[in-house]
Amino acid sequence: MNSLSTNHLLGIKDLTQNDIELIFKTATHFKEVINRPIKKVPSLRDITIANLFFENSTRTKLSFELAEKRLSADILNFSASQSSVSKGETLIDTANNILSMKVDMIVMRHPYVGAGVFLSKNVKATIINAGDGTHEHPTQALLDSYTIQENLGEVKGKKVVIIGDILHSRVALSNILALKLQGATVKVCGPLSLIPKHITSLGVDIETDVYKALQWCDVANVLRVQHERMDIKYFPSIREYTQLFGINKRMLDSLGKKILLMHPGPINRGVEITSDVADSEHSVILNQVENGVAIRMAVIYLLAEKIKRN
């Protein structure tokens, strides 16, 4: 199978195992491309992509933009804070105004859950979800799984624990869906106040002891506490959170095995992980960043191929 089963990337829940395998295979090709002296390919010279970011973003926005440039696409960058959205313009009007400039694809980050799905049903363009509220962040989950496969050979059968603020994390949900689809065993770990009530219905177990979680896992994906999404206090203090759920080098050294340590960023050093953990031999955090460009190139390329066929 050489094409995706979907015309958009709105969430991992819309992908099949074959889709993920195709994205990974394509990303491996593009990873070789971006490590050449000349890092560009002319694959998308006839495609125009608009990056619509209604929330602040550094890594994801830069990663998508670089992926698009490596594929030779034409790019429009849109920031909500500097646009007519601040004057009351609707999402559909904003998108349609941009599409009237003959844009083929929209990469969108939005604070509201389901914004990408809503847009895909109301405008004629291919939509890539770069994060919608606390819902999904599919390309992050894909690059995380790809990094696991690259380092451990495969995702199937691996034990992965996601540690931290599960409740407010779109990365957590997308990772759980992607990992389960590929045959991994998944646990979540954090304060019970930061774990969604019905998360076990997704086929994951809950662990509240971070050291036991580390002893159990092959891979630990550590998330930051998302204070900007909190309207109440979910735990007494940052200091107490760090004491109970923070990961330090001494803990990793006492495991007697090497685990993969991942983090989607931004890292709050000294809170969820210490600096010596972030920079240790366990960490594949910078590897994730590099893989992010290759995965996003693969997703954009495969969706653009469907545009060209249609």
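The values are calculated or read from the model by the stated rules, or taken from the named source; none is laboratory data. This is a predicted model, so every value here is computed, not measured. Virtual Cβ from ideal backbone geometry, glycine too; neighbours counted across all protein chains shown.
Scan region 52-74 and report the pairs whose first residue is under 14 Å from Asn291 (Cα atoms) and whose second residue is of a type in the set (D, E, K, R), with Cβ atoms within less than 9 Å and a gap of 6+ or a chain change.
Listed pairs, sorted by first residue: Thr60/Arg109; Thr60/Arg296; Ser63/Arg296; Phe64/Arg296; Leu66/Arg296; Ala67/Arg296; Arg70/Lys39; Arg70/Lys40.
Which condition number does Ser5 fail, the rest of (1) over 21 Å from Glu154 (Cβ atoms); (2) in the same structural domain as Ser120 (by TED's automatic domain parsing) being met?
It is condition (2) that Ser5 fails.
Just need a number here: residues in region 204-228 that are surrounded by 14 or more Cβ atoms within 10 Å (Cβ to Cβ) and modelled with pLDDT under 90.
Count: 3.
Restricting attention to strands (runs of 3 or more DSSP E) lying wholly within region 39-139, give those where 3 or more residues are under 23 Å from the mean Cα position of the chain (by Cα) and at pLDDT below 95.
Filter on region 39-139 gives 74-79.
Within region 1-32, can you find the residues that are touching a residue at least 40 places away in the same chain (Cβ under 8 Å), assigned to a helix (DSSP H, G or I) and crowded, with 18+ Cβ neighbours inside 10 Å?
Passing the criteria: Ile12, Ile20, Leu22, Ile23, Phe24, Thr26, Ala27, Phe30, Lys31.
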